[in-house]
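**Q** The following block contains the structure, expressed as structure tokens.
The values are calculated or read from the model by the stated rules, or taken from the named source; none is laboratory data. Note that this is a predicted model, so its numbers are computed, not measured. Cβ sites come from the backbone with ideal geometry, for glycine too, and all protein chains shown count toward neighbours.
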Amino acid sequence: MRATATGAPEDAGKEWATRLPGLADTFKEQSHMHTTATLDYGMIVSGELWFDLDDGKSVHLHPGDVVVQQGTRHGWSNHGTVPATIVFFIVGAPLAR
């Protein structure tokens with residue numbers, strides 16, 4: 001899936017709901033921030049993305065950058081002018097409570 005700078009958010013939400021059933025349940029209402037019980041490896045292939053963290057920090061990512069995170073509250077945003085592509089390898093990893 002692609003994160004686009006020009007696509008309507010509601011269209012992206014519908015696409016994600018179709019392709020990834022249950023993902024929407026991980027988001028708080030009106031927020032792109034979410035938490036999943038997974039270990040995620042992501043690599044930016046093209047474009048630019050911002051990896052938004054729960055503490056308010058945002059990391060600007062470019063092609064070739066890699067993100068590894070597990071169970072953190074996070075979100076993705078595209079403030080650029082072109083679509084961005086990120087490839088994920090995601091492993092189920094129940095969160096310790």
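**Q** Is there any pair linking a residue in the range 70-97 that is under 15 Å from Met43 (Cβ atoms) and at pLDDT below 90 to one that is charged (D, E, K, R) and not in a loop (DSSP other than H, G, I, E, B), with Cβ under 6 Å and at least six apart or on different chains, and which?
**A** Going by the 6 Å Cβ cut-off, the qualifying pairs are Ile90/Asp40.
**Q** While we're on this one: Which fully enclosed strands (runs of 3 or more DSSP E) of the range 35-86 have 1 or more residues being aliphatic (A, V, I, L, M)?
**A** Working: elements: 38-46, 49-53, 58-61, 66-70, 74-77.
Here the list reads 38-46, 49-53, 58-61, 66-70.
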